[in-house]
Amino acid sequence: MTTAMTTAMTTAVLRLDSVTRVHGEGETAVQALRGVSFAAHSGELVAVMGPSGSGKSTLLTLAGGLDSPTAGTVSVEGTDLASLGAVGRARMRRTSIGYVFQDFNLIPALTAAENVALPRELDGESTRAARRLARAALEEVGIGDLADRFPDAMSGGQQQRVAIARAVVGERRLILADEPTGALDTETGEEILRLLRSRCDAGAAGVLVTHEARHAAWADRVVFLRDGVVVDETGTDQVDSLIDAGATR
Amino acid sequence: MSVRQALLALLEQGPMYGYQLRAEFERRTGSTWPLNVGQVYTTLTRLERDGLVAPVTGEPGADADGHVVYGVTDAGREEVAAWFTTPVERTQPPRDELAIKLALAVTVPGVDVGTVIQQQRSATMAALQDYTRLKRGRPSSPDDPADMAWSLVLDSLVFAAEAEVRWLDHCEARLRRAQLERPARDSAAQPPAAPGVEAQTDREGARR
């Protein structure tokens, strides 16, 4: 086996290496993440669970290149985001990273297809080509027939499908989902997870941040975060006490 | 478990023999609670003794292999109706090993409760992942009533496991808060906790 092949097989779509993020300085400094290492590979959905304040949102904003770590590295598709600079990171966000939010974050004045096409158009693609990709992405998430609808003429579940289409349009392989089912009822939420799961099965790498065990259960791995530290992962033996965690660290 | 009522309810749909009853029960519950055929026949014998079922004579083809085919009696029909119209009793909580274990873990010295909780959470989460994998292999809106029945049983397991994880989260949060408040109450001379922990408590306090 060649070195190149080995590298291709082991390169994670997302890799956090000993990532620490401190907000503020001196006595008021808050360590949101403390030496977190974490990876998501192609075809894999990883759930991150933890209570409010455990650092799970910080982890997602760092993974999305919206924030930079105080120490450690965040790599997407093998590229250290810190080495890219602001412009390069913005480009990476448009071309490689898809975000799915709890409240969908669709632009109300744009149709479903226009919302999905937007990141491609911002990236310099022609309107015609971007719309074609957008329609294909909407087909993939099962709402090709709603391409010309505006968000307020769609149900919550349909809007979240549009958001997922927007997250995967083009060649993007990293989907970061922040409580994507928080605003949906049980059954619709489950359909969204089923869809997210199928996008990962099709080759994307997904990171799902949630505090609901039922949703995290759709993932291949569940990472438990407490006080900015990964304390446990399903499928591994390592367990740290979570009650004493703060006192000993 | 109400094997007795479940078998009666199945027989209300038509006469069956033991193996058929077991197969029908498991088709609806996805073998979640496997029945052995001996248990089925013991139950049938008791039901017959109580006059709720009776061997059916002259059922076409049924006894070719020597199986005794049972049918429900009028009294049996009444029992089924009463079962469906009466809520399952909740007065006596079923014995819960986890709750008992945790109750003892917080009172017996030297037990690391945090680890007990996290190990259980991981194990329950793994079970939840297994249930979800079973669900993934299934269509989201099955048309066959027996498929739907099993899918609902699966949901019941999912919700129960989820409730357990939520309860564990809750226990952990309460124990952590209790532990953080203790040194503050006991003495002001105690060294402060790690900065991360302090900030965490402050934020939690602000939210609540």
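Descriptive notes on the structure:
- Peptide A:97-106 shows a mean partner chain C-beta count of 0 within 10 Å per residue C-beta.
- Highest-first packing order for the peptide set A:68-76, A:189-197 is A:189-197, A:68-76, based on the mean count of other beta carbon atoms within 10 Å.
- With N as its number of residues, chain A has a Cα radius of gyration that, divided by 2.2 N^0.38 Å, comes to 1.03.
- Distance (nanometres) between label positions extended 7 Å along Cα→Cβ at B:PHE84 and B:ASN36: 3.2
- Inter-centroid distance (Cα atoms) of the range A:58-73 relative to the range B:124-179, Å: 32
- The mean number of Cβ atoms from other chains found within 10 Å of a Cβ in peptide B:161-169 is 3, as a whole number.
- Rounded to the nearest 20, the Cβ-based charge dipole of the protein assembly as shown about its Cα centre (Lys and Arg +1, Asp and Glu -1) stands at 1140 debye.
- Inter-label distance for A:SER83 and B:ARG49, nm, one decimal - labels placed 7 Å from Cα along Cα-to-Cβ: 7.9
- Comparing A:ASP178, A:ASP67, A:ASP145 in a Gaussian network model of chain A where C-alpha atoms under 10 Å apart are linked, the largest mean-square fluctuation is found at A:ASP145.
- Convex hull (Cα only) mean projected area of the range B:3-85, reported in nm² to one decimal: 5.4
- Which of B:MET148, A:MET49 has the fewest Cβ neighbours within 10 Å, and the rest in rising order: B:MET148, A:MET49
- Charge dipole (the range B:3-85, unit charges on Cβ, about Cα centre) - positive-most of B:PHE25, B:THR73, B:THR45: B:PHE25
- Theoretical ellipticity at 222 nm over the protein assembly as shown - DSSP helices of four or more residues, -39500 (n - 2.57) apiece, nearest 500: -15500 deg cm²/dmol
- Rough spin-label spacing in nm, given labels placed 7 Å along Cα→Cβ, for A:SER52 and B:ASP144: 4.6
- Shielding by partners - mean other protein chain Cβ count within 10 Å, residues of A:53-65: 1
- With Cα atoms as the point set, the protein assembly as shown shows a radius of gyration and Dmax of 27.6, 90 Å.
- Spin-label zone in the range A:155-171 - amide nitrogen under 16 Å from a point set 7 Å from the Cα of A:THR127 along the C-beta vector: none
- Rounded to the nearest 20 debye, dipole of the range A:1-110 from Cβ charges on Lys, Arg, Asp, Glu: 200
- Cα long-axis angle, helix A:186-201 against chain A (0 to 90 degrees, to the nearest 10): 80
Values in this text are rule-based calculations from the coordinates and carry no lab data. Remember, it's a predicted structure, so these values are computed and weren't measured experimentally. Cβ sites come from the backbone with ideal geometry, for glycine too, and all protein chains shown count toward neighbours.
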